[in-house]
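Have a look at the structure below before the remarks.
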Amino acid sequence: MEAKVPFLDLAAEVDSLWHEIRPAVEEVLRSGRFILGANVDALEAEVATYLGVAHAIALGSGTDALVLGLEGLGIEPGDEVITTPFTFIATAEAIHRVGATPVFVDVDAETFNLNPSLVEEHITPRTRGILPVHLFGHP
């Protein structure tokens, strides 16, 4: 018997949208275009319009988004980025992937987010950024 985690059971949501989702899934499967292609172009255009910006870029994962953001900020080997230890591995992984060093600062006992009152004491001449993570609806 398969165990279900109630808060992760998306079956009802998928069922309610299946009539809309199914044709798109079939189109992608039949086309064989799983990466890039017309659907991704359309998504990027719709997101850019929604956000009121000239361009939007769809990525394969949140990790890729973190790496792209760090690279865009010029974070590079030898730099330090302050972050929280209470996060998914991708946060530290992205910092490491750009060659920087994650510097972990303890969390706030009420929100479990990065404790802002402890950040300043961890800033060094090599600090180039702070990568906070929001959890449980507490940005």
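The values are calculated or read from the model by the stated rules, or taken from the named source; none is laboratory data. This structure is a prediction, so every number in the text was calculated from the model and none was measured. Neighbour counts run over all protein chains shown; Cβ positions are idealised from the backbone, glycine included. Remember, those area values only see protein heavy atoms, side chains included, never the ligands or the DNA or RNA. Shrake-Rupley method; radii C 1.70, N 1.55, O 1.52, S 1.80 Å.
Annotations for the structure displayed:
A quick yes/no check of all residues on (1) within 18 Å of GLY129 (Cβ to Cβ); (2) part of a strand (DSSP E or B); (3) without any contact (Cβ under 8 Å) to a residue 24 or more places away in the chain; (4) not acidic (Asp, Glu):
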site	(1), (2), (3), (4)
VAL14	no, no, yes, yes
ARG30	no, no, yes, yes
ALA45	no, no, yes, yes
THR49	no, no, yes, yes
ALA58	no, no, yes, yes
ALA65	yes, no, yes, yes
ALA94	yes, no, no, yes
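- Scanning region 64-95 for residues that are touching a Phe, Trp or Tyr at 6+ places or on another chain (Cβ under 9 Å) and β-branched (Val, Ile, Thr) turns up ILE82, THR83, THR84.
- Test: residue in region 98-106 that is in a strand (DSSP E or B) and aromatic (Phe, Trp, Tyr): yes
- Boolean, GLU71 is open to solvent by 60 Å² or more (accessible area, probe 1.4 Å), under 14 Å from ILE130 (Cα atoms) and acidic (Asp, Glu): yes
- Residue within region 107-129 that is closer than 30 Å to ILE35 by Cβ and among the small types (Gly, Ala, Ser) present: yes
- Here ALA94 fulfils each of the conditions (1) closer than 30 Å to PHE136 by Cβ; (2) open to solvent by 40 Å² or more (accessible area, probe 1.4 Å) apart from (2).
- Evaluation of PRO77 against (1) under 30 Å from ASP106 (Cα atoms); (2) surrounded by 11 or more Cβ atoms within 10 Å (Cβ to Cβ) (one fails), failing number: (2)
- Residue that is least open to solvent (accessible area, probe 1.4 Å) [pool: residues in region 107-139 that are of a type in the set (A, V, I, L, M) and assigned to a loop (DSSP other than H, G, I, E, B)]: VAL133
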